[in-house]
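Presented below is the structure to which this report refers.
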Amino acid sequence: MNVNKDELIQRASAILGRDVTHESIMKTVESLVELLEKEKAAQEDRYATAKL
């Protein structure tokens, strides 16, 4: 999916019903990536523990 920055901002603003900035979008993406990395690590830990 190739979306330019301005289009991304317009879509996010329309969905949220308020103005958003590229910076706020990127902070949200970073937060989601961190959350997914933590979940993946926890899942890998559970798998490794179960395998013992």
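Every number here is computed from the coordinates shown, using simple stated rules; none is lab data. Keep in mind that this is a model prediction, so the values were computed, not measured. Reconstructed Cβ throughout: ideal geometry from the backbone, glycine too, with neighbour counts over all protein chains shown.
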Item to check | Unmet requirement for Val20, which otherwise passes all of (1) part of a loop (DSSP other than H, G, I, E, B); (2) surrounded by fewer than 10 Cβ atoms within 10 Å (Cβ to Cβ) | outcome: (2)
Item to check | Close pairs (6 angstrom Cβ cut-off, 6 or more residues apart or separate chains): of a type in the set (Asp, Glu) in the stretch 7-36, assigned to a helix (DSSP H, G or I) anywhere | outcome: Asp19/Ser13
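Matching residues to (1) more than 15 Å from the chain's Cα centre (by Cα); (2) surrounded by 10 or more Cβ atoms within 10 Å (Cβ to Cβ); (3) not in a loop (DSSP other than H, G, I, E, B):
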{"position": "Arg11", "(1), (2), (3)": "yes, yes, yes"}
{"position": "Lys27", "(1), (2), (3)": "no, yes, yes"}
{"position": "Ser31", "(1), (2), (3)": "no, yes, yes"}
{"position": "Leu35", "(1), (2), (3)": "no, yes, yes"}
{"position": "Lys40", "(1), (2), (3)": "no, yes, yes"}
{"position": "Gln43", "(1), (2), (3)": "yes, yes, yes"}
{"position": "Thr49", "(1), (2), (3)": "yes, no, yes"}
